[in-house]
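A.B. asks: Would you mind keeping the following structure in view while I ask a few things?
The values are calculated or read from the model by the stated rules, or taken from the named source; none is laboratory data. Please read all numbers here as calculations on a predicted model, not as lab measurements. Reconstructed Cβ throughout: ideal geometry from the backbone, glycine too, with neighbour counts over all protein chains shown. Side chains are part of the model used for accessible areas, which takes the heavy atoms of the whole protein and leaves out ligands, DNA and RNA. Shrake-Rupley method; radii C 1.70, N 1.55, O 1.52, S 1.80 Å.
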Amino acid sequence: MSDHSSSEHSSSLGTYIAVWLALIAGTILTVVAAHINLGPFNAAVALTIATVKALLVALFFMHLRGASEKLLKLVVISTIFFLFILLALSMADYGTRVWS
Amino acid sequence: MATATAQPAGQTIERENYLNKHYGVGSWLLTTDHKRIALLYLISLTFFFFIGGFFALLIRLELLTPAGDLVQADTYNKLFTQHGMVMIFFFLIPSIPATLGNFLVPMMIGAKDLAFPRINLLSWYLYIIGGVLMLHCMLTGGVDTGWTFYVPFSTAYTNTKIIEAGLAAFVAGFSSILTGLNFIVTIHRMRAPGMTWSRLPLFIWAHYATSIIQILGTPVIAITIVLVAVERFLHLGIFDPKLGGDPLLFQHLFWFYSHPAVYIMILPSMGVVTEIIACFSRKRIFGYHFVAMSSIAIAVLGFLVWAHHMFVAGISLYAGLIFSFLTYFVAVPSAIKVFNWTATLYKGSITYEAPMLYAFGFIGLFTIGGLTGLFLACLGINVHVTDTYFVVAHFHYIMVGGALMGYLGGMHFWWPKISGKLYPEGWARLAALIVFIGFNLTFFPQFILGYVGMPRRYYAYPAEFQILNVLSTAGSTVLGIGYLLPMIYFLWSMRYGKPAPDNPWNAAGLEWKTASPPPTFNFDEEPVVTWEAYNYEQLDEHEQEVPVAG
Amino acid sequence: MPDSSAVAVGQSHGETHNPALLHHFATEQQQRDSASLGMWIFLGTEVMFFGGLFCAYLIYRLKYFGEFAAASQTLSWQLGMTNTIVLICSSLTVVLAIWAVQRGKRALLLSSLILTLIFGFAFLGIKSIEYAEKFEKHHVPGPSFQFANVPLPGHPGEMANPAHAQLYFSLYFIMTGLHALHMIIGIGIFAWLLYASWHGRFTTEYNTPLEIGGLYWHFVDIIWIYLFPLLYLIDLRK
């Protein structure tokens, strides 16, 4: 919310390049982390990195960060909320059911 | 449609409106006017309603006698499947949003059109493509899985046209998504100056909540249909326990959409009823904000309860407890609505025009349907009545007694605005009464039948159930007449009905401030809203001071 | 695509009435905001569309973790990583195109769009190499599927159950296949955007279709950002 006024939503070229480099670094980091034995945390690390990358794309490339209103953020958050509901309540069944 | 027929002498020449501005088939099939698209939907929906109703009548005829004598068992399976599919995907889900919603959402918020008029037309074409696929499917063999497509029967065993029926539902689902998307953007972006969120008619709030379900729920059924199709073609084992898959996964995904889908049907109807009750009791809706928020709450809570359709399917007991518990919560916003309608009626100047009769019918039948839903949410009772006629009666009280009553009430309420003609009030009241009696005669016996143990989806039954079944079949005939009547007198009124004034009910709301029928861009000048919704006290005071003409 | 074809009837120089402004909108700002909100909501439906698949994936991965790891390791993570980077680069060129059009830099706009298309095709090319390999190895689910005598990673004595590995490959093909379908649609959209940009339809004031198309492209990128670790990088530690 700092650098640009909310009406003109495009960031500077430098920001784009920095985000692009961060995304590539994140990709390499994911691959490296996958080859290290972290026990049960491998999946968590991979998903965390993926989420950070997705956030970078959404905030900077899709201009969610500079969006003039909170509405777009609300759309994103509520979608993720309902996706979470689908996964969590399904797991409420699968996590407690014996099936083969 | 309302071609400019010879006006009675003394009438001025008809004003230019959305119906007479352009003529010809092309001006309808390529229109981007939300009002014309609403009428396209109205015509196609009515067609599918009578197809679905035809299947229903055949089902009831078969069940007139205990023996399976009218149709064969396979045919019977197809009858109830196609009755369900047509009624749900091609009538109930689009019913109010696509007709009344399409017509009224822009007008109620003071907009010229929906945000994406071409997408609106596209959504009608998708609906028609889906509908044609469904018709073709039914004419060339049909489906027999029940509208729920349960695996593994649908993926591995049945020889009927699953893929085509699934594709029909898939395409119709896209139509529904696009309608919802259009409504949400329109409500956010197109409101007239002064039309703040707390001045929106509750019809708009109900449609907003409906759209949330349409855009977030429908994609899940779409991907589920894709998985069923892949599984049926290639038999990969995604839903096959022999190959490590889980049939219950299908049910989870299916009901994640299909339970909220019930709220797609009922929420718009609640919006309609709210408008009608405020108008015919001449009062501001009691607890406006609670009614608005309860719509949103129903939409959200509706996503948390889906597995109550699966209590006996083999989900874990723990999950059953959670879903049973969550299901009770849906009763809270629903009850808020019913109590607020009742409180609005209290000390109102109530009149009993046909739309109000439907609204009263809605409240009563929806309450019965909702309360029996609580029985079903209870794990113990659910085990007893699962897959019996108790369930059938319950959801027909919601979908037909609720959603359809609201639809008919709304059609009567806004018919003068849509067609510019008045319908015959006496006939309309009679029809409302016939529908109410016919409905209860059809479905109340089914509660008893289910409770004493008659299972659903069988074409024959033990002889001791016959009396109740005969009552139900008799009721369905009465109900059928009740549905035919409005269609006849609506058509009649288009030609012979008295011209409607702009605001025949002296109702609040922007849609009544423009002409009947409205001009193509809805308002001659852009409205500016300076009043709260449902300002009936103000309206009536004003009327006492200055007698209105016409 | 919210009415992307509806826009741009001619070049506008903004002063009087913008021909790209549709009759039912009051201002260009309102039209632009509507289009972008419409696209974001559409992307919300896409999230739920893929969400059903992620749900199935989650359940079966937790249940058949060994088979999922064994099957996943027949993929080449190198190709997957290359494709990830290709898509990230294409996302950069998309934002560059929008940055360029907002500043009236025509050459950069056109070259960025062309690069985007090239990256898009590169992604599909690499994907088809991977698919071809699956066919050769009989890893395509269906009657000719074979996955016999593959040990579970970390349990050299135990063999993977072919049926459960087939579940992995089914999800792999459905998820990457639907993603590739979205890529093809995205390439179609960007080909049209290139065509329209070539004819100068977008200006510093009016470039909504580029923004909307860009949102879609980035979304398809985000889906892949999740698919890559979920499908390619299961239990790679030895």
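A.B. asks: To the nearest 100 Å², how much accessible surface do chains C and B cover up together, summed over both, with a 1.4 Å probe?
C.D. replies: Heavy-atom accessible area buried at this interface is about 3100 Å².
A.B. asks: Short version: ³J(HN,Hα) in whole Hz for each residue of the stretch B:334-341, in order, from phi by Karplus 6.51 cos²θ - 1.76 cosθ + 1.60 (θ = phi - 60°), x for Gly and Pro, what are they?
C.D. replies: Couplings: 5, 5, 4, 4, 4, 5, 5, 5 Hz.
A.B. asks: Using a probe of 1.4 angstrom, how much of the accessible area of the protein assembly as shown is carbon and sulfur, in percent?
C.D. replies: On the protein assembly as shown, the fraction of accessible area on carbon and sulfur atoms equals 69 percent.
A.B. asks: How many angstrom lie between the Cα centre of the stretch C:188-232 and the Cα centre of the stretch B:89-136?
C.D. replies: 28
A.B. asks: Search the structure for amide H atoms under 5 Å from the amide H of B:Lys421, placed 1.01 Å from N in the peptide plane, and list their residues when 5 or more places away or on another chain.
C.D. replies: Here the answer is B:Ala500, since their amide H atoms fall under 5 Å of that of B:Lys421.
A.B. asks: Just to confirm, what accessible area per residue do you get for chain B at 1.4 Å probe, in whole Å²?
C.D. replies: The answer is 36 Å² per residue.
A.B. asks: Going by accessible area, probe 1.4 Å, with all protein chains left in place, what is the ranking of C:Ser170, B:Ser27, largest first?
C.D. replies: B:Ser27, C:Ser170
A.B. asks: Additional query: Considering only C-alpha atoms, what is the centroid distance from the stretch B:462-481 to the stretch C:39-56, in Å?
C.D. replies: Distance between centres, Cα-based: 44 Å.
A.B. asks: Taking the Cα-to-Cβ direction at A:Ile28 and at B:Ile481 and moving 7 Å from each Cα, how far apart do the two end points lie in nm?
C.D. replies: Modelled inter-label distance: 8.2 nm.
A.B. asks: Continuing with the same structure: Of B:Thr196, A:Thr27, C:Thr203, which has the most accessible area and how do the rest follow, probe 1.4 Å?
C.D. replies: B:Thr196, C:Thr203, A:Thr27
A.B. asks: Tell me the per residue accessible area of the stretch C:51-232 using a 1.4 Å probe; a whole number in Å² is fine.
C.D. replies: Here the per-residue accessible area is 34 Å².
A.B. asks: Give the aspartates and glutamates whose C-alpha is closer than 15 Å to that of C:Lys127, dropping any in the same chain fewer than 8 places away, or say none.
C.D. replies: C:Glu136, C:Asp221
A.B. asks: Just flag the trypsin sites (Lys or Arg not before Pro) in the stretch B:181-224 sitting in loop per DSSP whose Cβ has no more than 10 other Cβ atoms within 10 Å.
C.D. replies: Filter output for the stretch B:181-224: empty list.
A.B. asks: Can you work out the Karplus-derived ³J(HN,Hα) for every residue in the stretch B:53-59? Use 6.51 cos²θ - 1.76 cosθ + 1.60 with θ = phi - 60°, whole Hz, and x for glycine or proline.
C.D. replies: Those phi angles translate into x, 4, 4, 4, 5, 5, 4 Hz.
A.B. asks: Could you pull out every whole DSSP H run in chain C that spans at least 15 Å of Cα extent along its own axis and averages 1.0 or higher on the Kyte-Doolittle scale?
C.D. replies: C:77-102, C:106-136, C:162-198, C:208-232
A.B. asks: Taking Cα atoms, how many degrees apart are the long axis of helix B:466-496 and the longest axis of chain B, rounded to 10 and kept between 0 and 90?
C.D. replies: 30
A.B. asks: Can you list the HN-Hα couplings for the stretch A:30-46, worked out from phi with the Karplus curve (6.51, -1.76, 1.60; θ = phi - 60°), rounded to whole Hz and with x for Gly and Pro?
C.D. replies: Values, residue by residue: 4, 5, 4, 4, 5, 8, 9, 7, 10, x, x, 8, 4, 5, 4, 5, 4 Hz.
A.B. asks: On to the next question. Taking chain B as the reference, fit the longest principal axis to its C-alpha atoms, fit the long axis of helix B:288-301 to the helix C-alpha atoms, and give the angle between the two in degrees, 0 to 90, nearest 10.
C.D. replies: The helix B:288-301 is inclined about 30 degrees to chain B.
A.B. asks: Let me ask another. Sort C:Trp198, A:Trp20 by accessible area with a 1.4 Å probe, largest first.
C.D. replies: Greatest to least solvent exposure: C:Trp198, A:Trp20.
A.B. asks: Further question: May I ask which of B:Lys283/B:Lys513; B:Lys161/B:Lys242; B:Lys337/B:Lys513; B:Lys21/B:Lys112 have a Cα-Cα span longer than 22 Å here?
C.D. replies: Pairs exceeding 22 Å: B:Lys161/B:Lys242; B:Lys337/B:Lys513.
A.B. asks: log10 I(q)/I(0), Debye, Cα-only chain B, no solvent, q = 0.09 Å⁻¹?
C.D. replies: Result of the Debye calculation: -0.65.
A.B. asks: What accessible area, in Å² to the nearest ten, does a 1.4 Å probe give for B:Leu248?
C.D. replies: Ignoring ligands and nucleic acids, B:Leu248 comes out at about 10 Å².
A.B. asks: Something else now. Keeping all protein chains in the complex and leaving out DNA, RNA and ligands, what accessible area do you get for B:His188 with a 1.4 Å probe, in Å² to the nearest 10?
C.D. replies: B:His188 exposes around 40 Å² with every protein chain in place.
A.B. asks: Now, a different point. At a Cα cut-off below 24 Å, give the lysines reachable from A:Lys70, other chains included and same-chain residues fewer than 8 away excluded.
C.D. replies: A:Lys53
A.B. asks: Considering only protein heavy atoms, what is the solvent-accessible area of A:Ile36 at a probe of 1.4 Å, reported in Å² to the nearest 10?
C.D. replies: That residue has around 80 Å² of solvent-accessible surface.
A.B. asks: So what is Rg over Rh here for the protein assembly as shown, counting just Cα atoms and using Kirkwood for Rh?
C.D. replies: With Rh from the inverse mean 1/r over Cα pairs, Rg/Rh is 0.98.
A.B. asks: What is the set of long-range amide H partners of B:Thr388 at a cut-off below 5 Å, with H atoms built 1.01 Å from backbone N?
C.D. replies: B:Arg456
A.B. asks: Still on this structure, please answer the following. What is the angle, in °, between the Cα long axis of helix B:117-139 and the longest principal axis of the Cα atoms in chain B? Nearest 10 is fine, range 0 to 90.
C.D. replies: The two axes meet at around 40 degrees.
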